[in-house]
1. Inside segment 182-226, counting only helices (runs of 4 or more DSSP H) that do not spill past its ends, which hold 1 or more residues that are aromatic (Phe, Trp, Tyr), at negative phi and touching a Ser or Thr at 6+ places or on another chain (Cβ under 9 Å)?
2. Report, by residue number, each residue of segment 224-243 that is surrounded by fewer than 19 Cβ atoms within 10 Å (Cβ to Cβ) and either in contact (Cβ under 8 Å) with a residue 40 or more places away in the chain or touching a strand residue (DSSP E or B) at 6+ places or on another chain (Cβ under 9 Å) (or both).
3. Does residue 176 qualify as being within 14 Å of the chain's Cα centre (by Cα) and assigned to a helix (DSSP H, G or I)?
4. Taking the condition under 30 Å from residue 249 (Cα atoms) and either loosely packed, with under 15 Cβ neighbours inside 10 Å or small (Gly, Ala, Ser) (or both), does residue 165 pass?
5. Would you confirm whether any residue within segment 236-256 is under 27 Å from residue 141 (Cβ atoms), modelled with pLDDT of 85 or more and of a type in the set (D, E, K, R)?
6. Run down 88, 108, 143 and say which single residue is surrounded by 15 or more Cβ atoms within 10 Å (Cβ to Cβ) and closer than 16 Å to residue 224 by Cβ.
7. Select from segment 203-218 the residues that are out of contact with any Phe, Trp or Tyr (no Cβ under 9 Å at 6 or more places or on another chain) and among the β-branched types (Val, Ile, Thr) and list them in ascending order.
8. Report yes if some residue within segment 272-292 is closer than 29 Å to residue 142 by Cα, surrounded by fewer than 19 Cβ atoms within 10 Å (Cβ to Cβ), in contact with a strand residue (DSSP E or B) (Cβ under 6 Å, 6 or more places away or on another chain) and hydrophobic (A, V, I, L, M, F, W, C); otherwise report no.
Amino acid sequence: MNNKPLSTTNTLHQTPFLKRNRNGKINIIKDKAFEVVGIMATLVGLVVLAYFLFDIIIDGYARVDWAFLTSLPSRFASKAGILPAWTGTVWALGLTAIIAIPIGIAAGVYFEEYAQHSRINNLLEVNIANLAGVPSIIYGLLGLEVFGRILNLGASLLAGAFTLALLILPIIIVSTREAIKAVPKTLREASYGLGATKWQTISRQVLPASSGGILTGTILALSRAMGETAPLIVIGALAYVPFVPESPMDEFTVLPMQIFNWTSRPQADFLVNAAAAIIVLLIITFAMNGIAIYFRHKWQKRML
């Protein structure tokens with residue numbers, strides 16, 4: 001007489017266990033399926049990217065030489081070079097870095113260490129995060145109106161640098177805040193315990209500890225600025241510049257615009273020049289990213 005209640009009780013206890021076990025197996029299958037799909041999507045993207053890179057290198061590697069780097073543009077593809085384009089790129093990147101890096105890091109430190117929780121600060125933080133996703137051409141329109149017309153900078157390097165600085169400022173601010181957040185609180189507490197002030201703790205402990213992340217975000221932001229064309233076209237940067245810029249107020253062109261100019265021409269020889277210019281731009285971009293990775297690992301090892 002006692003067996004039935006025991007059997008019923010065991011069945012009742014086993015039913016939730018079986019359901020949990022079945023749900024666990026289903027979740028494992030879903031995880032595996034998602035992993036396989038993710039790996040396949042990554043492989044497809046890498047294969048397509050490798051194909052494009054291989055095609056560009058095959059077309060343009062023979063054109064990359066000293067004469068190509070030191071020659072002015074020309075109507076003849078065999079004589080055309082990228083001297084104004086890459087010097088304009090260096091000028092624009094240098095001015096953009098001088099403008100954006102101090103302001104971006106200072107703003108990130110302020111929002112993370114000093115800003116109070118208020119409606120204004122919360123609104124600013126939300127807007128800064130949203131600005132990182134605004135299309136670059138919007139920054140071009142803003143730069144044209146503010147820097148080109150109101151400040152009367154025209155289509156100069158300085159106007160382009162201010163516009164690109166606005167473009168990458170949200171990225172630098174967000175990356176600075178994230179790098180500072182990653183610093184352990186115990187480091188701050190130890191500094192305060194030794195009698196350091198807040199600014200001494202930030203400048204001598206927090207910023208050095210977060211320098212790797214800040215530098216990585218900054219270089220990646222500059223890499224994005226180097227590949228932008230739309231904002232510079234809007235402010236009036238030229239596609240054909242037969243001279244090397246010598247001051248921030250000179251007109252200019254950059255490598256992406258020179259590449260666009262060559263790819264829009266019907267002659268096949270100019271397409272070879274465009275492929276060679278893409279190789280140069282990729283080398284600069286990969287070099288900047290490599291520097292970011294190197295310093296990030298260097299600072300991480302130092303912190304350990």
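1. Helices (runs of 4 or more DSSP H) meeting the threshold: 185-193.
2. Within segment 224-243, 224, 227, 230, 233, 236, 238, 240, 242, 243 meet the criteria.
3. On the way: within 14 Å of the chain's Cα centre (by Cα): yes; assigned to a helix (DSSP H, G or I): yes.
Against the criterion (within 14 Å of the chain's Cα centre (by Cα) and assigned to a helix (DSSP H, G or I)), residue 176 qualifies.
4. Numbers: under 30 Å from residue 249 (Cα atoms): yes; either loosely packed, with under 15 Cβ neighbours inside 10 Å or small (Gly, Ala, Ser) (or both): yes.
So residue 165 passes the test.
5. The initial filter retains those residues of segment 236-256 that are under 27 Å from residue 141 (Cβ atoms), namely 236-241, 245, 247-256.
From what's left, modelled with pLDDT of 85 or more: 245, 247-256.
Now narrow it down to the ones that are of a type in the set (D, E, K, R): 250-251.
For segment 236-256, residues under 27 Å from residue 141 (Cβ atoms), modelled with pLDDT of 85 or more and of a type in the set (D, E, K, R): present.
6. Residue meeting the stated conditions: 143.
7. Of everything in segment 203-218, those that are out of contact with any Phe, Trp or Tyr (no Cβ under 9 Å at 6 or more places or on another chain) and among the β-branched types (Val, Ile, Thr) turn out to be 206, 214, 218.
8. Within segment 272-292, not a single residue is closer than 29 Å to residue 142 by Cα, surrounded by fewer than 19 Cβ atoms within 10 Å (Cβ to Cβ), in contact with a strand residue (DSSP E or B) (Cβ under 6 Å, 6 or more places away or on another chain) and hydrophobic (A, V, I, L, M, F, W, C).
The values are calculated or read from the model by the stated rules, or taken from the named source; none is laboratory data. Bear in mind the structure is a predicted one, so any value in this text is a computation, not a measurement. Here the Cβ is made from the backbone with ideal geometry for all residues, glycine too, and neighbour counts use every protein chain on show.
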